[in-house]
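Chemist: The structure is given below, and queries will be raised subsequently.
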Amino acid sequence: MEIYNTLTKKKEKFEPNEEGKVKMYTCGPTVYHFAHIGNLRSYIMEDVLEKYLRYEGYDVKRVMNITDVGHLSSDADTGEDKMLKGAKREHKTVMEIAKFYTDAFFSDCKKLNIKTPDVVEPATNCIEEFIHMIEELLNKGYAYEAGGNIYFDTSKLKEYYVLSSHNEADLLEGVRDDVDVDENKRNKADFVLWFTKSKFDAQELKWESPWGLGYPGWHIECSCISMKHLGEYLDIHCGGIDNIFPHHTNEIAQSESYLGHKWCNYWFHVHHLNDRSGKMSKSKGEFLTVSFIEGKGYNPLVYRMFCLQSHYRKPLEFDYEIMDNTKTAYEKLKKKISALTEDGAVSKDELDLYRRRFIEAVGNDLNTALGLSLIYDVLKADINDATKLAIINDFDRVLSLDLTRPEPKEDTYSNVTDEELAFINDMLARRAEAKAAKDFATADAIRQELLDKGIAIKDTREGAVWERV
Ligand code: AMP
Ligand code: ZN
């Protein structure tokens, strides 16, 4: 396959270190809140990449971390730990928050047909490994202690900005805007490997270390977790584009200083999903989660298809009109496919021909839109139904849109009419009002009225969602 490599800034032939095997690492979620559908765009496209590599016959081992400590409000090591913020917001412990949102993340992934990576490792499981790597970096002269924290010394590197087009001037600019300038740093770009002193002394989880009671920085976890499960040579590392700097830049700096050689050959970055107002956020406006879009009447796989229709290296704007069109297209496609019969023998030649076309499309820097459009060609082609079904099933190993899976009889979302949806939304709004006014009798009556019509309400953190029963 050909893939765009952020490291070399060009499209390159993908060649793993070991023939036939791919070692793949994905930055996992910070589990302080629900993932928004922007985060999930990255995970959908990474899932397609993994499945496509498997489709080409590679034996892929994919590892993902769960960030449950050390990710501060700003990626540049300032502010409060996001996990602690989540715990305070919900009056729970950090570990309770981590468990709840890790489960929520995988439940969202399941709805979007995102395969769980082969290894999933929470950062808090690997404190010993982090300490070991930091000790080695100190021994080799790549790190220093200042004001109780351990920092990586970026001045020791020949080149620090290998991944990004950032330069020292840009960074200084960024730091000037930042109120939390850290006086301990010898160089502006230095980053924290281990904290023992932080403005936020209320840090809930702390561990003994050679430098005192403290906690790891965010960047060290991905280097360590990757090496723990995938060894010293990584083929491909994934994340959203915001991870390029500083997170992935810092991962390369510390990993290669620790190892003494090049670490990862290919860097795959997914561009952001934005809402109309700009960057997607977990705090402002509509918090776009999977349950939220389900509540709006969309099957989560419609969102997967929405993502596959656009190229992962282009910014994508979330738009309800496009979602509606995608929903219609998805339902029509499934209907056409469900009308195919199993009659006839599968033509191996046709299957091979379409497989080659699929590889030409998706193998070209993951052109999923072109891959999807091939399905329409298959449906129109002069070949028997059994062959059509075999080809579509084959493509769906990568696209994962459940194209040949029959809809359940009482499908929640595809059978809803506009009037019915308006009615349900109205009832949900009236129930929310009643609950806000503590009028629980009315709220319960509304719930019962909907239930009598076969609609069950489920209360989630972002509000009520509904499903057919
Ligand atoms: P986080 O949970 O903040 O650590 O982010 C999880 C993943 O989502 C990372 O790979 C981010 O780069 C990615 N990400 C964050 N925001 C967006 C967005 N708006 N669109 C696509 N990916 C995103
Ligand atoms: Zn990471």
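Chemist: Would you pick out the residues in segment 118-161 that are assigned to a strand (DSSP E or B), aliphatic (A, V, I, L, M) and within 14 Å of Ser257 (Cα to Cα)?
Modeler: Matches in segment 118-161: Ala143 only.
Chemist: Quick test for you: out of Tyr312, Tyr298, pick the one residue that is under 19 Å from Arg405 (Cβ atoms) and crowded, with 21+ Cβ neighbours inside 10 Å.
Modeler: On inspection, the qualifying residue turns out to be Tyr298.
Chemist: Right, here's the next one. Quick check on Phe318: is it under 30 Å from Ile244 (Cβ atoms), surrounded by 19 or more Cβ atoms within 10 Å (Cβ to Cβ) and of a type in the set (Phe, Trp, Tyr)?
Modeler: For Phe318, the condition - under 30 Å from Ile244 (Cβ atoms), surrounded by 19 or more Cβ atoms within 10 Å (Cβ to Cβ) and of a type in the set (Phe, Trp, Tyr) - is met.
Chemist: Could you check segment 360-397 and list, in sequence order, the residues that are open to solvent by 30 Å² or more (accessible area, probe 1.4 Å) and among the hydroxyl-bearing types (Ser, Thr, Tyr)?
Modeler: Correct list: Ser373, Tyr376.
Chemist: Suppose we filter Leu213, Leu205 for residues that are within 20 Å of Asn125 (Cβ to Cβ) and either open to solvent by less than 30 Å² (accessible area, probe 1.4 Å) or out of contact with any helix residue (DSSP H, G or I) (no Cβ under 9 Å at 6 or more places or on another chain) (or both); which single one remains?
Modeler: Residue meeting the stated conditions: Leu213.
Chemist: Another question, if that's okay. Scanning for something part of a loop (DSSP other than H, G, I, E, B), open to solvent by less than 30 Å² (accessible area, probe 1.4 Å), modelled with pLDDT of 85 or more and closer than 17 Å to Val302 by Cβ, does segment 416-430 turn up at least one residue?
Modeler: Checking segment 416-430: not a single residue is part of a loop (DSSP other than H, G, I, E, B), open to solvent by less than 30 Å² (accessible area, probe 1.4 Å), modelled with pLDDT of 85 or more and closer than 17 Å to Val302 by Cβ.
Chemist: In addition: State yes or no: is Lys10 among the basic types (Lys, Arg), more than 8 Å from ligand 1 (Cβ to nearest atom) and open to solvent by less than 40 Å² (accessible area, probe 1.4 Å)?
Modeler: So Lys10 does not fit the description; no.
Chemist: Out of Lys197, Lys185, Lys282, which single residue is surrounded by fewer than 20 Cβ atoms within 10 Å (Cβ to Cβ) and either within 16 Å of ligand 2 (Cβ to nearest atom) or without any contact (Cβ under 8 Å) to a residue 60 or more places away in the chain (or both)?
Modeler: Lys197
Chemist: Based on this model, can you work out whether Glu96 counts as charged (D, E, K, R), assigned to a strand (DSSP E or B) and surrounded by fewer than 22 Cβ atoms within 10 Å (Cβ to Cβ)?
Modeler: No; evaluated as a whole, the condition is false for this residue.
Chemist: (1) among the acidic types (Asp, Glu); (2) within 14 Å of ligand 2 (Cβ to nearest atom); (3) open to solvent by 10 Å² or more (accessible area, probe 1.4 Å): which one isn't true of Glu221, the others all being true?
Modeler: Tallying (1) among the acidic types (Asp, Glu); (2) within 14 Å of ligand 2 (Cβ to nearest atom); (3) open to solvent by 10 Å² or more (accessible area, probe 1.4 Å), Glu221 fails exactly one: (3).
Chemist: Kindly provide the set of residues from segment 26-38 that are within 13 Å of ligand 2 (Cβ to nearest atom) and not in a strand (DSSP E or B), ordered by number.
Modeler: Listed by number, the residues that qualify are Cys27, Gly28, Pro29.
Chemist: Another question, then. Look at segment 257-275 and say how many of its residues are among the charged types (D, E, K, R) and either open to solvent by less than 40 Å² (accessible area, probe 1.4 Å) or closer than 13 Å to Ser226 by Cα (or both).
Modeler: Total meeting the criteria: 1.
Chemist: Looking only at residues that are under 14 Å from the mean Cα position of the chain (by Cα) and acidic (Asp, Glu) in segment 7-65, which one is nearest to Asn113 (Cα to Cα)?
Modeler: Here the residue is Asp47.
Chemist: Take the residues in segment 338-367 that are part of a loop (DSSP other than H, G, I, E, B) and aliphatic (A, V, I, L, M); name whichever of them is modelled with the highest pLDDT.
Modeler: If we take residues in segment 338-367 being part of a loop (DSSP other than H, G, I, E, B) and aliphatic (A, V, I, L, M), then Leu366 is modelled with the highest pLDDT.
Chemist: In this structure, is Ser347 surrounded by fewer than 20 Cβ atoms within 10 Å (Cβ to Cβ), more than 24 Å from Leu366 (Cα to Cα) and in contact (Cβ under 8 Å) with a residue 60 or more places away in the chain?
Modeler: Here the answer is no, as Ser347 does not meet what is asked.
Chemist: State which residue pairs qualify: first residue under 15 Å from Phe306 (Cα atoms) and inside segment 326-340, second residue open to solvent by 70 Å² or more (accessible area, probe 1.4 Å) and in a helix (DSSP H, G or I) in any location, beta carbons under 9 Å apart, and separation of 6 or more residues or different chains.
Modeler: That search, which allows pairs on different chains as well, returns Leu333/Tyr376.
Chemist: Select, from Asp68, Asp77, Asp81, the only residue that is touching a Pro at 6+ places or on another chain (Cβ under 6 Å) and within 16 Å of ligand 2 (Cβ to nearest atom).
Modeler: Just one listed residue meets the conditions, Asp68.
Chemist: One residue is enough: does segment 38-48 have a residue meeting the conditions within 22 Å of His219 (Cα to Cα) and surrounded by fewer than 18 Cβ atoms within 10 Å (Cβ to Cβ)?
Modeler: Within segment 38-48, not a single residue is within 22 Å of His219 (Cα to Cα) and surrounded by fewer than 18 Cβ atoms within 10 Å (Cβ to Cβ).
Chemist: Only one of Lys115, Lys61, Lys23, Lys51 is part of a helix (DSSP H, G or I) and either in contact (Cβ under 8 Å) with a residue 12 or more places away in the chain or aliphatic (A, V, I, L, M) (or both); which?
Modeler: Going through Lys115, Lys61, Lys23, Lys51 in turn, the sole match is Lys51.
Chemist: Return the residues of segment 106-118 that are over 15 Å from the mean Cα position of the chain (by Cα) and of a type in the set (A, V, I, L, M, F, W, C); say none if nothing qualifies.
Modeler: Correct list: empty.
Chemist: I would also like to ask the following. Quick one: count up the residues across segment 377-393 that are touching a residue at least 40 places away in the same chain (Cβ under 8 Å), of a type outside the set (Asp, Glu) and in a helix (DSSP H, G or I). Step through it out loud before you land on a result.
Modeler: Applying the first criterion (touching a residue at least 40 places away in the same chain (Cβ under 8 Å)) to segment 377-393 yields 379, 384-392.
This time we only want the ones that are of a type outside the set (Asp, Glu), so: 379, 384, 386-392.
Now narrow it down to the ones that are in a helix (DSSP H, G or I): 379, 386-392.
Number of matching residues: 8.
The values are calculated or read from the model by the stated rules, or taken from the named source; none is laboratory data. Just so it is clear, the model here is predicted, and its values are computed rather than measured. With ideal geometry, Cβ positions are generated from the backbone for all residues, glycine too; neighbour counts draw on all protein chains shown. Note: areas computed on protein heavy atoms with side chains; ligands, DNA, RNA excluded. Shrake-Rupley method; radii C 1.70, N 1.55, O 1.52, S 1.80 Å.
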